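One structure is given below, encoded as structure tokens.
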Amino acid sequence: MYTAKHYSKDSAATFGLLACHICGKTQSIQRHHCIRCDASVHVRKTDSIQRTWAFLITSIVLYFPANLLPIMSTTLLGKESTNTILSGVVLLWEHGSYPIALIIFIASVLVPLGKLFVLCWLCLMVQRKSSLLPRQRTILYRITEFIGRWSMIDVFVVAVLVSLIQLGNLMSIYPGPAALAFAGLVIATMLAAMSFDPRLIWDVYDDEA
Amino acid sequence: VENDDKGQQTACHECDLLITLPHLEVGSKAVCPRCGYILTKRYKNSLNRILAFSVTSIVFLVVSSLFPFLSFSSKGQDRTVTLLQSIDVLVHEGQLVLAIMILVAIIVIPAIFLFGLLYILAPLKHSGTVLPYAKNVLRFILALTPWSMVEIFLIGMMVSLVKVSSLADVAFGLSFWAYILFTLFMTLVLLHVDKIQLWQWMEKHVHS
């Protein structure tokens, strides 16, 4: 279990202060509830690293059904075909829809995978008490947190296609089990990013100096 | 509402650096010198803008759920759906959980957020009063913001329309255009919302 034993010398915690994460009000580190907004306050997010790992493991487990199971099936003139996320991207590419293929590939394949790697690395670096490139790691975290929601694009694409294209045997699209698994994956990675506390990166900031 | 940040101490949300906020001009922002996090930003006329954009967003959200959204025709058959019908299709396809998640992310959460914001800010603007439970409402809606996926849905919809365009003709209904405008104004609301500033407005009126 990781616990921050000390803080960097310019950190608010060193001065016995903390800022409420909901309203930003600065107050004594000893408070449990914010003096301004009553939110519960903590010097660092509770069990940040353990929770992040828990959500990361959930994400990794969901990654397999999300990518291996079909995300949708298409019936065209009585003929049915099923697609996974990746085979859908390949199909779009072969049909010459390069921009769409790229959007889906980036949002559904690269971003979730990248997010998992980045968060695992950030957790490991904090656990090893590394003081390497703290600013860059914080920026990397910020990008990860910002970009994660955008992976939902594919879920919405499937939803819109399914609801619009319902012409029986002529042309119909049905959702596959991967759609739900993928939505779960995105939610789990979002929760993982929210559980990670970037302030842990800075707690060991002055150690080398 | 004038600016009262000057001299106020705060800790950076992302690196915990203890910072004394400078006086912030309208149109400027305070950035953490250590990690680059945007601590707080000041837009011109932000209270009025948030109110105006929120009301506009609500109007477009209502319009976008009342009228035909999209229609689609191929080989003599056609089909028109409203936004809520399109979510209902997912329920019929056995994807109840997915349908609820989408409904919550693109309609329920944005609506709660906008009404919550009006509940807090309209009385503040009108008579400088703070309604009961305003603190709880503000805390709740701030926690909801990451789960609003209005703009992501819009992009997803564009992508699916491009995919469909080769198969059939797609026509846009009134609600489709309303949803685009809803997305635009909702984004403007979120852009102007600054949590530190919101709490400062509230605090000032609670004590005065």
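Readers should treat all values here as calculations from the given coordinates under stated rules, not as data from a laboratory. Bear in mind that the values here come from a model prediction, so they are computed numbers and not experimental data. For neighbour counting, all protein chains shown are included, and Cβ atoms are generated from backbone atoms with ideal geometry for every residue, glycine included.
Could you please rank A:145, B:25, placing first whichever residue has the fewest other Cβ atoms within 10 Å of its Cβ?
On the way: A:145 20, B:25 10.
Going from least to most buried by this count: B:25, A:145.
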Completion exercise
In chain A the cysteines whose Cβ sits 4.7 Å or more from every other Cys Cβ are A:120, A:123
Handout entry: Projected-area mean, the range A:143-182, by convex hull of Cα positions, square nanometres
Key = 3.2
Practice task
Please state, as a whole number in µm²/s, the translational diffusion coefficient that the Stokes-Einstein equation yields for chain A at 10 °C and 1.306 mPa s, with Rh defined as the Kirkwood radius across alpha carbon pairs.
Solution key: 81
Practice task
Restricting things to alpha carbons, find the Rg to Rh ratio for the range A:103-209 using the Kirkwood radius for Rh.
Solution key: 1.18
Fill in the blank from the handout: Taking only the alpha-carbon positions of chain B as identical scatterers, the Debye log10 I(q)/I(0) at q = 0.12, 0.15 Å⁻¹ comes out as -0.74, -1.00
Exercise for the section: Specify the angular offset, from 0 to 90 degrees and rounded to the nearest 10, of the alpha carbon long axis of helix A:177-195 from the longest principal axis of the alpha carbons in chain A. Expected result: 10
Practice task
Would you mind getting me the FRET efficiency between residue B:38 and residue B:162? Use the beta-carbon distance for r and R0 = 45 Å, nearest 0.05.
Solution key: 0.85
Practice task
List the residues of the range B:170-185 whose backbone N lies under 16 Å from a point placed 7 Å from the Cα of residue B:49 along the Cα-to-Cβ direction.
Solution key: B:184-185
Exercise for the section: Starting from the Cα of residue B:96, move 7 Å in the Cα-to-Cβ direction to define the label point; list residues of the range A:123-159 whose amide nitrogen is under 20 Å from there. Expected result: A:159
Fill in the blank from the handout: In degrees rounded to 10, the 0-90 angle between helix A:153-164 Cα long axis and the longest Cα principal axis of chain A is 30
Handout entry: Local net charge near residue B:27, Cβ-Cβ under 13 Å (Lys/Arg +1, Asp/Glu -1)
Key = +3
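Work through the residues other than residue A:104 whose Cβ is under 10 Å from its Cβ and net out their charges, Lys, Arg +1 and Asp, Glu -1.
Values: positive: B:163; negative: A:154.
Net local charge, residue A:104 excluded: 0.
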Exercise for the section: Using R₀ = 25 Å, calculate the FRET efficiency as 1/(1 + (r/R₀)^6) where r is the Cβ-Cβ separation of residue A:113 and residue B:177; round to 0.05. Expected result: 0.10
Exercise for the section: Net charge near residue A:83: determine it from the other residues with C-beta under 15 Å of the C-beta of residue A:83, scoring Lys and Arg +1 and Asp and Glu -1. Expected result: -1
Exercise for the section: Could you list A:202, A:53, B:147 in order of exposure, starting from the residue whose Cβ has the fewest other Cβ atoms within 10 Å? Expected result: B:147, A:53, A:202
Practice task
List every residue whose amide H lies under 5 Å from the amide H of residue B:69, counting only residues 5 or more places away in sequence or on a different chain, with H placed 1.01 Å from N in the peptide plane.
Solution key: B:81, B:82, B:83
Handout entry: Neighbour cut-off at most 11 other Cβ (10 Å), DSSP loop, trypsin sites (Lys or Arg not before Pro), the range A:109-208
Key = A:128
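Note down the Stokes-Einstein diffusion coefficient of the range A:1-118 in µm²/s, whole number, using a Kirkwood radius over alpha carbon pairs, 20 °C, and 1.002 mPa s.
Working: Rh = 18.6 Å.
Diffusion coefficient, whole number: 115 µm²/s.
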Completion exercise
The answer for residue A:72, listing residues at least 5 apart or on another chain whose modeled amide H is closer than 5 Å to its amide H, is A:83, A:176
Fill in the blank from the handout: Subtracting the Cα-Cα distance of residue A:73 and residue A:136 from 0.36 nm times their residue separation yields 18.5 nm
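For the protein assembly as shown, what does -39500 (n - 2.57) per DSSP helix run (n ≥ 4), summed and divided by total residues, give at 222 nm, in deg cm²/dmol to the nearest 500?
Taken over the protein assembly as shown, the calculation gives -17000 deg cm²/dmol.
Taking the convex hull of the Cα atoms, report for the range A:56-164 its projected area averaged over all directions, in nm². Let's see the in-between values first.
Numbers: hull surface 33.8 nm².
Quarter of the Cα hull surface area: 8.5 nm².
Taking N as the number of residues in the protein assembly as shown, what is its Cα Rg relative to 2.2 N^0.38 Å?
Details: Rg = 23.5 Å, N = 417, 2.2 N^0.38 = 21.8 Å.
So the protein assembly as shown has a normalised radius of gyration of 1.08.
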